[in-house]
1. Which value, in debye to the nearest 20, describes the size of the charge dipole of the range 1-97 about its Cα centre when Lys and Arg Cβ atoms bear +1, Asp and Glu Cβ atoms bear -1, and nothing else is charged?
2. For q values of 0.13, 0.20, 0.25, 0.27 Å⁻¹, compute log₁₀ I(q)/I(0) with the Debye formula on a Cα-only model of the range 23-79, without solvent.
3. Run the dipole for the chain about the Cα centre, Lys and Arg Cβ at +1, Asp and Glu Cβ at -1, nothing else charged, and hand back the magnitude in debye, nearest 20.
4. If one takes the longest principal axis of the Cα atoms in the chain, at what angle in degrees, from 0 to 90 and to the nearest 10, does the Cα axis of helix 8-25 lie?
5. Just to compare against my own numbers: the Cα pair-distance distribution for the range 84-142, 5 Å bins, whole % per bin, please.
6. By how many degrees, 0 to 90 and rounded to 10, does the Cα axis of helix 147-163 deviate from the longest principal axis of the chain?
7. Filter the trypsin sites (Lys or Arg not before Pro) in the range 152-199 down to the DSSP loop ones having no more than 15 other Cβ atoms within 10 Å, then list what survives.
8. Could you tell me the calculated FRET efficiency between residue 17 and residue 152, based on Cβ-Cβ distance and R0 = 41 angstrom, to the nearest 0.05?
Amino acid sequence: MTKPITKKKTRDEILELAVPLFAKDGYDGVSMRDVAAATGLTPAALYYHFNDKEHLYISVVINDFTGKSTVLSDIIKGPEPPWERLEKFIEGLVNLTASDQNFLRLMQWVKLDSDEVRQHKLAEYVFSDLFVSVHDLVAELNSGHDAYMLAISIFGLITFPFESMTIHKFMPGYRPEHDQPAVIAKHVIKLLRSGGKIQ
């Protein structure tokens, strides 16, 4: 990956202004001209900071995710017992997902990206550290479950209610409280505490 540029303030402003564009339309739906227009730069000035659209896109995802994942990783690596750290992590990720629509939509587009090379870069540069932290934490629980599958399942249990929010309210049994972050976090924690058993 290309080394980050040195003009930090301008670069950070570009990355912040590009988040809503990629969150709304994904990688394929945004051009360098779109980003240039949103940032008030010429395309040539934008290319001064980023070699190409992929460099810009990966930088946007890194910039949007890194600060958030650092906070979550600090929770996971705290001094509390494993279950307590896991519960705090779940509450933290639920609250983050609920409060930042651009983050949620950007992550949805990342998951839908069909370019395997770009996905590999995103996994390596953006998501692997937090995933490994969750993986290692659930391995500490000695639950008898495959730690990789359990970590993937936790992320899915947390994010899917938000990703499906526009449609699940039309499903039988829906109540408005099902959209509340505290209710979602409590449900995920209870489900994990019960070992996935329906009681």
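1. Here the range 1-97 has a charge dipole of around 400 debye.
2. Debye curve over Cα of the range 23-79, log10 I(q)/I(0) at q = 0.13, 0.20, 0.25, 0.27 Å⁻¹: -0.44, -0.75, -0.99, -1.09.
3. Value, rounded to 20: 240 debye.
4. 60
5. Histogramming the range 84-142 at 5 Å steps yields 4, 15, 19, 23, 20, 14, 5, 0 percent.
6. 70
7. Loop-located and lightly packed - 169, 197.
8. 0.80
Any read-out appearing in this document is the output of simple, stated calculations on the displayed coordinates, not a laboratory observation. Keep in mind it's a predicted model, so treat the numbers as computed, not measured. Here Cβ is always computed from backbone atoms with ideal geometry, including for glycine, and neighbour counts include all displayed protein chains.
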